[in-house]
Amino acid sequence: MKIVDARVVLTSPGRNFVTLRIETDEGVTGLGDATLNGRELAVAAYLRDHVVPLLLGTDPHRIEDTWQSLYRGAYWRRGPVTMAAIAAVDVALWDIKAKVAGLPLYQLLGGASRERVRTYGHASGADLPELFDSIRARLAQGYPAIRVQTGVPGLKLVYGVRHAQDSSQSARPVVEDWDTGAYLRNLPRVFDAVRQEFGPDLPLLHDAHHRLTPIQAARLGKDLEPYDLFWLEDCTPAENQDGLRLVRSHTTTPLAIGEVFNTVYDYQTLVSEQLIDYVRSAVTHFGGVSPLRKLFDFAAQHQIKSAIHGPEDISPVGMAAAIHLDLAIHNFGIQEYAGYTDLTHAVFPHAFTFTDGYLHPGEAPGIGVELDEELAGAHPYEQAYLPVNRLQDGTVHDW
Ligand code: GCO
Ligand code: MG
């Protein structure tokens, strides 16, 4: 079997997605997700100009060898653009292999370790009444666990909180504002109110979005202990892995990190010293199913669980690959599922299902996702940026 064509499809059915389609001489095709929010065209060019010429004529069954040659052969290793491009190839090749085998991908990963995949959904509100409504809406959709984000008194726009103006995607970056002191004082009160309203049993999560220093994160983790969080996510910009020792030594609030990481090396200290409880990387940004599986096996040795990143900006192709892994691995924790617009579901018809808050990859051979190229073509790429975050004196801050 040989790869005879590979092309990149850009589409924006509400937001941008980058998809790689690999075709073989036997007519079997595979899809991979290469979406890198806000930097989509860089990955598309990396694939088209540098990767596709290397794939033509090669054997699609040699997934590990292809992965190693794209990673090592480039000499310039790692980084989100490179790893998103390699991820798309890896997933498309797994899709082809599983289709040839006539099996859903999870069967090639060892088969199902569970019946279904637990998810968490996003709730947010500028104030408590809005937040409570949002939590109730998620519960009504069946979500068994909820991520809680709120506005901060005195701040106009906070990332992750729905506002009348959607700041998560715009032609120029929207400027949001930030005050760590106000946030640290406000959040424990919010969780206190949520626990009083919704009781002790509902699993609650929170994303601090890299905005804190290690000592601030340590304090927040400690202040949130009475509210029994499922996890506190991205409490610090964790490329400073050593800083997590300080956080960890002060709090028993479980920690989740890794959505911006793209190789196992970003996790070395965090995992080997058990400084976190959940690894958060996405198939799409970590080089694909092959390396993510290896990360989960490494994490399992330290009783750390999976929590694959699943925002709206991972396409249904990347999401499907995640759900196959979730079903197969033993140390599954939880899957983020933000859901998609109807148009996105139509552009990417898929076998995976979301029922009563749980996902299942379905039984279609491969990853179980298709791409309607005609519909995709009717919704072309649109320039879109993520926001930036500034302190009240104008200094740029992590968002
Ligand atoms: C999450 C994330 C996302 C990211 C987004 C950036 O936990 O789901 O933090 O909301 O901000 O994926 O593109
Ligand atoms: Mg996050």
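A compact table of results
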{"read-out": "Residue-span extension gain [HIS61 to HIS302] - 0.36 nm each, minus C-alpha spacing", "value": "83.6 nm"}
{"read-out": "Ranked PHE17, PHE354, PHE296, criterion: other C-beta atoms within 10 Å, fewest first", "value": "PHE354, PHE296, PHE17"}
{"read-out": "Difference of contour (0.36 nm per residue) and Cα-Cα distance, ALA182 to MET1", "value": "59.2 nm"}
{"read-out": "Lysines with Cα under 27 Å of LYS294, excluding same-chain neighbours fewer than 8 positions away", "value": "LYS2, LYS97, LYS99, LYS305"}
{"read-out": "GluC sites (Glu not before Pro) restricted to the stretch 363-399 and DSSP loop, no more than 11 other C-beta within 10 Å", "value": "GLU363"}
{"read-out": "Under-5 Å amide H pairs with ASN389, H placed in peptide plane, nonlocal only", "value": "GLU176, HIS397"}
{"read-out": "HN-Hα J in Hz across the stretch 116-131 - Karplus 6.51, -1.76, 1.60, θ = phi - 60°, x for Gly and Pro", "value": "7, 10, 5, 10, 10, x, 9, 10, 7, x, 5, 9, 5, x, 5, 5"}
{"read-out": "Gyration tensor over alpha-carbon atoms, the stretch 166-219, equivalent ellipsoid semi-axes in Å", "value": "26, 17, 11"}
{"read-out": "Per-pair calculated FRET efficiency, R0 = 25 Å: GLN274 and GLN196 via Cβ, rounded to 0.05", "value": "0.15"}
{"read-out": "Relative contact order (%) - criterion: Cα under 8 Å, at least six apart; region: the chain", "value": "23 percent"}
{"read-out": "Estimated vicinal HN-Hα couplings, Hz - the stretch 95-108 in sequence order (Karplus 6.51, -1.76, 1.60; Gly, Pro = x)", "value": "4, 5, 4, 5, 5, 4, 6, x, 10, x, 3, 4, 5, 6"}
{"read-out": "Förster radius 30 Å - calculated FRET efficiency between LYS222 and ARG172, Cβ distance, rounded to 0.05", "value": "0.20"}
{"read-out": "Long-range Cα-Cα pairs in the chain (distance over 37 Å), rounded percent", "value": "19 percent"}
{"read-out": "For the stretch 196-263 versus the stretch 118-159, the gap between their alpha-carbon centres in whole angstrom", "value": "17 Å"}
{"read-out": "Dipole magnitude (debye, nearest 20) for the stretch 3-104, charges at Cβ of Lys, Arg, Asp, Glu", "value": "400 debye"}
{"read-out": "Integer Hz, Karplus 6.51/-1.76/1.60 couplings in order for the stretch 10-22, x for Gly and Pro", "value": "9, 8, 9, x, x, 7, 7, 9, 10, 10, 9, 10, 9"}
{"read-out": "Amide hydrogen neighbours beyond the local backbone of ARG280, cut-off 5 Å, H modeled", "value": "ILE257, GLY258, GLU259"}
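Values quoted throughout were computed directly from the atomic coordinates according to the rules given, and no laboratory measurement underlies them. Remember, predicted model here, so these are calculated numbers, not experimental data. Quick reminder, even Gly has a Cβ in these numbers, built from the backbone with ideal geometry, and neighbours come from all protein chains shown.
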